[in-house]
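Here the structure comes first, spelled out in structure tokens, and everything after it is commentary.
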Amino acid sequence: MTEPVIVTGNAQHRGDRAQQQDSFGFSNLLDPKLRDCCGSLAVIADGMGGHALGRETSQIAVKTLLDGYPHKTPDEPVPAALRRLIDEANTAVRDLAAQEGQLDNAGTTLAAAVIRQQHLHWLSVGDSRVYLCHAGQVTQLSIDHNYARDLDCGVAAGLIDAVDAAEHPEREALTSYLGIPELDRVDCGLHPALLQIGDRVLLCSDGLYRNLNEVELAAELVRPDPQVAAEALLERALARRRPYQD
């Protein structure tokens, strides 16, 4: 099956941070053999604020996936390849942290998406997200790994008061990320999404979605040019002028 044409766009801004702690990248979209065998890969990582080596951990995580994915064998399923590489990325982050004397004080989130034969596969760790925009509507595909999710599950089970959960000071604390000793919480879509012509796939860090809701995301993603859409999303988020924006 011939791979569909994929057009990309990207934009980033360091916000109020002293340095850019987000990293991203794409596999070689112009390599027909790679597209036919493996599909096309996009990755984003967000070095954890308040921890050491934010920029370095996000860079090495993205590099690990981009360097490793082209070596996927034809018979290895895409989800298995992504899961294998996320473990390798976790090891790479921990090795880097150990070398710098920052073991258990460095980490990064990561979200990855692969389009192969018109199917979208995704994987995420932490709170960087994967969205699908279809027919003008945006749907979050990935699951956030934060304490808020655990608290809300407790509310649903009748174990925690809803007000206490909503006001808990640790709601935004991550429960999974690259850099922890045991990477047991990884979101990997059980069933790939079948893409249609004109669908948009968005990978982003929390600096975007904490500023824009899904209706606002959709309003920009429907633009014909993905690069223009990416820049418009960035400008709309920055226009909020919120403190500690990243």
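The values are calculated or read from the model by the stated rules, or taken from the named source; none is laboratory data. Just so it is clear, the model here is predicted, and its values are computed rather than measured. Because the Cβ atoms are built from the backbone with ideal geometry, glycine has one as well, and the counts that use them run over all protein chains shown. To get the accessible areas, we keep the full protein, side chains included, count just its heavy atoms, and leave off ligands, DNA and RNA. Shrake-Rupley method; radii C 1.70, N 1.55, O 1.52, S 1.80 Å.
Computed values, structure above
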item	result
Residue identified as open to solvent by less than 50 Å² (accessible area, probe 1.4 Å), over 19 Å from the mean Cα position of the chain (by Cα) and modelled with pLDDT under 90 among GLY189, GLY158, GLY154	GLY154
ALA81 more than 25 Å from ASP206 (Cα to Cα) and either aromatic (Phe, Trp, Tyr) or open to solvent by less than 20 Å² (accessible area, probe 1.4 Å) (or both)	yes
ALA97, sole failed condition from (1) small (Gly, Ala, Ser); (2) within 19 Å of the chain's Cα centre (by Cα); (3) closer than 19 Å to LEU174 by Cβ	(2)
One residue from ALA106, ALA165, ALA148, ALA113 being modelled with pLDDT of 95 or more and either open to solvent by less than 40 Å² (accessible area, probe 1.4 Å) or closer than 22 Å to VAL186 by Cα (or both)	ALA113
Residue, surrounded by the most Cβ atoms within 10 Å (Cβ to Cβ), within the stretch 199-234, restricted to residues that are of a type in the set (Asp, Glu) and at pLDDT 95 or above	GLU220
